[in-house]
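A.B. asks: Below is the structure I would like to discuss, written out as structure tokens.
The values are calculated or read from the model by the stated rules, or taken from the named source; none is laboratory data. As the structure is a prediction and not an experimental result, all values here were calculated from the model. Don't worry about glycine lacking a Cβ; one is built from the backbone with ideal geometry, like all the others, and counts go over all protein chains shown.
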Number of protein chains: 2
Amino acid sequence: MKILLHISYLGTNYCGYQIQKNAITVQQVLCEAAERVFGVRCDVTGCSRTDSGVHANDFCAAVSEQGKSGLVTSIPTNKIPLAFTAVLPTDVSVWGAEEVDDGFHPRYDVKYKEYVYMIYNRAVPSPFLADRSWHYPRALDDDTVARMNEAAQRFVGTHDFASYMAAGSDIKETVRTVRAAEVYREGDTVIFKVSADGFLYNMVRIFTGTLIAVAEGKLSPEDIDAVTDAKDRRLAGITAPAKGLYLNRVVYN
Amino acid sequence: MKILLHISYLGTNYCGYQIQKNAITVQQVLCEAAERVFGVRCDVTGCSRTDSGVHANDFCAAVSEQGKSGLVTSIPTNKIPLAFTAVLPTDVSVWGAEEVDDGFHPRYDVKYKEYVYMIYNRAVPSPFLADRSWHYPRALDDDTVARMNEAAQRFVGTHDFASYMAAGSDIKETVRTVRAAEVYREGDTVIFKVSADGFLYNMVRIFTGTLIAVAEGKLSPEDIDAVTDAKDRRLAGITAPAKGLYLNRVVYN
């Protein structure tokens, strides 16, 4: 068996999830913690790479012994979160654990993932959301949020999303299926929630920038179809900052 | 006139509000910002001292020219928050400003203040609330929260609160009037909200520790009256950590 961990983290102080030289990453912190918890060197395989500064509410990662397909442990599964709590820094938390088969792969077996993007919408920024949202000072009124939501509906479905992929990506297969998308207000925050079977590099952040272009009247909701059809990154909006983005949920087959 | 500022701040990186030597405080940051905004040295007088690590949603402070009873400025009052935004660090924010009379005093003219204490109540801590709540891992079920709320009602009224004042305080007049108190759950957080005409040193944090003693069955809600009557700090609960405390609101006469 492998152990699938449910993890939340504040991405502010990390260079993303994926391990790399000369930079601190969430994966590295989890690898070190897993070794202390299980007493053997471990591989910790994530459901996704996230960018520097991106956060997660429910990031999934599978733990196996280094170089092996599974892990043997005497720790009861329900005690694993507490064992991690004792050795993790305060900005990374393992809040759930479950047993999965050796053959399980946390990235390839994803059915869909859900992201949330937080836009803090008051004239002045909030000290409590500085690294946790994009501060957009101009008022997004109810009509505007409704138009953003209308635009977001046009992302839904199976499309070639090349227009919403970071320039310079070397991914060739750019068709993805967006299952649902929604823009709504919650207090002072405007939230964009989107789920898909997969996401291209920076896709949610470019979706968000495009929705802001709709808010500002640079694009109409109807224009979205033409932006998508053009497969041209230059027609979509800006790439919204990483700090507003949260991997919210991962659903497996 | 003076300018009354409405301020929110994340207290994590500050040694409280009140200016002091060799430590960075919110007042110091505001004084420096006010000088840049108004072009003259300023006095910034707060509604309260807050402890190191305590936060504020609506802290009030009045600005006057240094050594004078008022301030002359050509900046329209509704533009003052944006002017402060440009010069403040991200963990302090001025979100409102209003004109008040020269004679106004932000501390002496307080009718009542409201504090909120946040208890994060899941088995493992949240990376998003690490410095912003007290992590209490044992489940506080609905009955327990109801008992805490019942106990909190016994703080309401005019009482001598010496039992809930930090040992070693040199305050002699320890009678205060608590207007309202409430304990309730909001998702994974148990919130204690309390308002009073004034608070003794550490009073809200000791109230919170006492409510946790009730949650743990060390005290019953009915015991609170005896704890209060004893005027003995040793009978109340522990002092809950500063990081869960927020000055929520200040109401003036």
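A.B. asks: Does any residue of region A:136-147 turn out to be part of a strand (DSSP E or B) and within 14 Å of another protein chain (Cβ to nearest Cβ)?
C.D. replies: Taking region A:136-147 as the starting set, the residues that turn out to be part of a strand (DSSP E or B) are none.
The answer is no; no qualifying residue exists.
A.B. asks: Still on this model: Can you confirm whether region B:218-230 contains a residue that is surrounded by fewer than 19 Cβ atoms within 10 Å (Cβ to Cβ), of a type outside the set (A, V, I, L, M, F, W, C) and either modelled with pLDDT under 95 or closer than 28 Å to B:Thr12 by Cβ (or both)?
C.D. replies: no
A.B. asks: Right, next: Going by what's in this entry, would B:Lys243 be described as within 27 Å of B:Asn13 (Cα to Cα), modelled with pLDDT of 95 or more, in the same structural domain as B:Ser133 (by TED's automatic domain parsing) and not in a strand (DSSP E or B)?
C.D. replies: On the way: within 27 Å of B:Asn13 (Cα to Cα): yes; modelled with pLDDT of 95 or more: yes; in the same structural domain as B:Ser133 (by TED's automatic domain parsing): yes; not in a strand (DSSP E or B): yes.
The answer is yes for B:Lys243.
A.B. asks: Starting from residues that are closer than 18 Å to B:Trp134 by Cα and not β-branched (Val, Ile, Thr), keep the ones in region B:184-198 and report whichever is surrounded by the most Cβ atoms within 10 Å (Cβ to Cβ).
C.D. replies: Step by step, filter region B:184-198, then rank; the result is B:Phe192.
A.B. asks: Do you know which residues across region A:110-135 are under 30 Å from A:Thr177 (Cβ atoms), out of contact with any helix residue (DSSP H, G or I) (no Cβ under 7 Å at 6 or more places or on another chain) and assigned to a loop (DSSP other than H, G, I, E, B)?
C.D. replies: Within region A:110-135, just A:Asn121 meets the criteria.
A.B. asks: Can you pull out the residues in region A:145-161 that are of a type outside the set (Gly, Ala, Ser) and either farther than 13 Å from A:Ile191 by Cα or exposed (fewer than 15 other Cβ atoms within 10 Å of the Cβ) (or both)?
C.D. replies: A:Arg147, A:Glu150, A:Gln153, A:Arg154, A:Phe155, A:Val156, A:Thr158, A:His159, A:Asp160, A:Phe161 - these are the residues of region A:145-161 that are of a type outside the set (Gly, Ala, Ser) and either farther than 13 Å from A:Ile191 by Cα or exposed (fewer than 15 other Cβ atoms within 10 Å of the Cβ) (or both).
A.B. asks: Continuing with the same structure: May I ask you to list pairs of residues, at least six apart or on different chains, whose Cβ atoms are under 8 Å apart, with the first in region A:168-194 being over 18 Å from A:Glu150 (Cβ atoms) and in the same structural domain as A:Ala230 (by TED's automatic domain parsing) and the second being of a type in the set (Phe, Trp, Tyr) and in a strand (DSSP E or B)?
C.D. replies: A:Asp188/A:Tyr120; A:Thr189/A:Tyr120
A.B. asks: Related question: If only one of A:Tyr164, A:Tyr201 is free of Cβ contacts under 8 Å to residues at least 60 places away in the same chain and crowded, with 16+ Cβ neighbours inside 10 Å, which one is it?
C.D. replies: A:Tyr201
A.B. asks: Let me ask something additional. Are any of the residues in region B:19-28 over 17 Å from the mean Cα position of the chain (by Cα), of a type in the set (A, V, I, L, M, F, W, C) and surrounded by 21 or more Cβ atoms within 10 Å (Cβ to Cβ)? Can you show your working first?
C.D. replies: Restricting attention to region B:19-28, the residues satisfying the condition of being over 17 Å from the mean Cα position of the chain (by Cα) are B:20-24, B:28.
From what is left, the residues that are of a type in the set (A, V, I, L, M, F, W, C) are B:23-24.
In the following step, the residues that additionally are surrounded by 21 or more Cβ atoms within 10 Å (Cβ to Cβ) were identified as none.
There is no residue in region B:19-28 that is over 17 Å from the mean Cα position of the chain (by Cα), of a type in the set (A, V, I, L, M, F, W, C) and surrounded by 21 or more Cβ atoms within 10 Å (Cβ to Cβ).
A.B. asks: Within region A:1-57, track down each residue that is of a type in the set (Val, Ile, Thr), part of a strand (DSSP E or B) and within 14 Å of chain B (Cβ to nearest Cβ). Please lay out each step first, then the result.
C.D. replies: Going residue by residue through region A:1-57, those that are of a type in the set (Val, Ile, Thr) are A:3, A:7, A:12, A:19, A:24-26, A:29, A:37, A:40, A:44-45, A:50, A:54.
Going one step further and asking which of them are part of a strand (DSSP E or B), we end up with A:3, A:7, A:44-45.
The one that is of a type in the set (Val, Ile, Thr), part of a strand (DSSP E or B) and within 14 Å of chain B (Cβ to nearest Cβ): A:Ile7.
A.B. asks: Check whether at least one residue in region B:64-74 is within 12 Å of chain A (Cβ to nearest Cβ), at pLDDT 95 or above and touching a Lys or Arg at 6+ places or on another chain (Cβ under 8 Å), and report yes or no.
C.D. replies: No, because not a single residue in region B:64-74 is within 12 Å of chain A (Cβ to nearest Cβ), at pLDDT 95 or above and touching a Lys or Arg at 6+ places or on another chain (Cβ under 8 Å).
A.B. asks: Working only within region B:59-81, note down all residues that are assigned to a strand (DSSP E or B) and not acidic (Asp, Glu).
C.D. replies: Those that are assigned to a strand (DSSP E or B) and not acidic (Asp, Glu): B:Phe59, B:Cys60, B:Ala61, B:Ala62, B:Val63, B:Ser64.
A.B. asks: Let me ask something else about it. Can you confirm whether A:Phe104 is within 14 Å of another protein chain (Cβ to nearest Cβ), of a type in the set (Phe, Trp, Tyr), over 30 Å from A:Thr239 (Cβ atoms) and not in a strand (DSSP E or B)? Spell out the reasoning first.
C.D. replies: On the way: within 14 Å of another protein chain (Cβ to nearest Cβ): no; of a type in the set (Phe, Trp, Tyr): yes; over 30 Å from A:Thr239 (Cβ atoms): yes; not in a strand (DSSP E or B): yes.
Answer is no for this residue.
A.B. asks: Okay, next question. Give just the number: which of (1) polar (S, T, N, Q); (2) farther than 19 Å from A:Val54 by Cα; (3) touching a helix residue (DSSP H, G or I) at 6+ places or on another chain (Cβ under 9 Å) does A:Asn253 not satisfy?
C.D. replies: With respect to (1) polar (S, T, N, Q); (2) farther than 19 Å from A:Val54 by Cα; (3) touching a helix residue (DSSP H, G or I) at 6+ places or on another chain (Cβ under 9 Å), A:Asn253 is out only on (3).
A.B. asks: Take the conditions surrounded by 14 or more Cβ atoms within 10 Å (Cβ to Cβ), more than 10 Å from every other protein chain (Cβ to nearest Cβ), under 18 Å from the mean Cα position of the chain (by Cα) and under 28 Å from A:Tyr9 (Cβ atoms) and apply them to B:Tyr117. Does it pass?
C.D. replies: So B:Tyr117 fits the description; yes.
A.B. asks: Taking the conditions exactly as written (facing chain A (nearest Cβ under 9 Å), surrounded by fewer than 18 Cβ atoms within 10 Å (Cβ to Cβ), closer than 28 Å to B:Val194 by Cβ and charged (D, E, K, R)), does B:Asp91 satisfy them or not?
C.D. replies: no
A.B. asks: Could you tell me which of the residues B:Arg122, B:Arg185 is within 14 Å of chain A (Cβ to nearest Cβ) and within 20 Å of B:Gly244 (Cβ to Cβ)? Reasoning before the result, please.
C.D. replies: Numbers: B:Arg185 fails: within 14 Å of chain A (Cβ to nearest Cβ).
Matching residue, one of B:Arg122, B:Arg185: B:Arg122.
A.B. asks: In contact with a Gly (Cβ under 8 Å, 6 or more places away or on another chain), more than 23 Å from B:Asn253 (Cβ to Cβ), at pLDDT 95 or above and in a strand (DSSP E or B): does that describe B:Tyr184?
C.D. replies: Judged against the criteria, B:Tyr184 is not a match.
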